[in-house]
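Have a look at the structure below, then the notes.
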């Protein structure tokens, strides 16, 4: 340990659900005291029972509990912890929270506030990356406040373009403009959306790359200046810029490309003096060009994908780096082993525009077997709350190659049942057998391009006719759509938009 190093004896997890459980497990392996926090809604949550200590943090609403920075710091001091792990979402990318931890003598297990400030501002980050010769998407070099200037830049970059909030994340604050008329229409709406979501109407213009793949590189960097990439994850299967399925390796990344883009990712982290685990995100166009878009300054939802193909424990690595330790491996020591796929099991109905689904889960069957991993907070009798994000579980399958991982995932999806709520399981079951997915023909418009929802409906009908239990359940859910459609229409007539999320709170979530 260096002079500035400090052995961490206790950690408060400033989060809930499966990520809180994930950190608690790492703490138990390291002999570190784990301290959980919980809201009124989470009194019976599993992470509360698994932690060594647990403290009530406030009412169900995130603003009064998991986003209450002052209350969390007070609790951490009262509990006498050495460090705080923020998980993802909530305060994980809040530079003020990182700075507050530092001021109170608490180790923040993540990047420093200064690096977060840069990575959280897309335009600042883009400027730094250009200086570091990291390739970025063509578009504006700064914030655009005037629609005329936006039109000039869009004309130069070439339509279609995206209008983005400089402070956006998780797919929020993004508008597509196919021509100047649409750009002018969307500009005011995008400004208002940005102001409502992030408190600032700061937009920038970016060339819209069509038929793109979203590929990210896992990063880890220590306080001694050592940076490593832990290979790529393919994240192209998305809905409205929200990732649904992730896998490693990517079908289109060979070893030479992996080394080249991985080195760019490490250079990007060094450019902002990044510390701890993070992710460099890239867009890949049809010609194979990679463009940096952002650094996510936290642990990702999909980090287990990397764990399965590298054999590394990223949370334990995070803690080691936060203690001041050096990374225990060189880049050339790292090897990829097999293939891993992750499906995000969300409490949403894929048959009905992903309408949120909440309530008590009377029973659930969690799949297991060779190569299967499930990170979840579910248990029979638990409550899936509308106050928090819709992610209920992360189902992962590892195999010696893509096809073995895919088949294991398909079988695990058949075994996975969650009673009382609707989930995205039927969609993933369809994708695992979809010919373009099998061929690796992926892009961020994959779901629409290949009419996957139509295929899902057909598959459910076919499997229900054959008497497959999981498919019968899905078909029954599908049969309830008329009732749900009627009730939704009624609420829409009362003033709420059917396009708007019915979740009571949508904090910034891992993208």
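Read-outs throughout are calculated quantities, based only on the coordinates presented, and are distinct from any laboratory measurement. If you're wondering where the values come from, they're calculated on a predicted model, not measured in any experiment.
Quick notes on this structure:
- Mean-position separation - Cα centroids, segment 396-460 and segment 18-75, in angstrom: 33 Å
- For the pair segment 77-156 and segment 195-239, the centres of their Cα atoms are 11 angstrom apart.
- Calculated mean residue ellipticity, 222 nm, the chain: -11500 deg cm²/dmol, from DSSP H runs (n ≥ 4) at -39500 (n - 2.57) each, averaged per residue and rounded to 500.
- Full extension of the segment from residue 224 to residue 114, taken as 0.36 nm per residue of separation minus the current Cα-Cα distance, would add 37.9 nm.
- Segment 210-337 shape via C-alpha gyration tensor axes, a/c threshold 1.5: prolate
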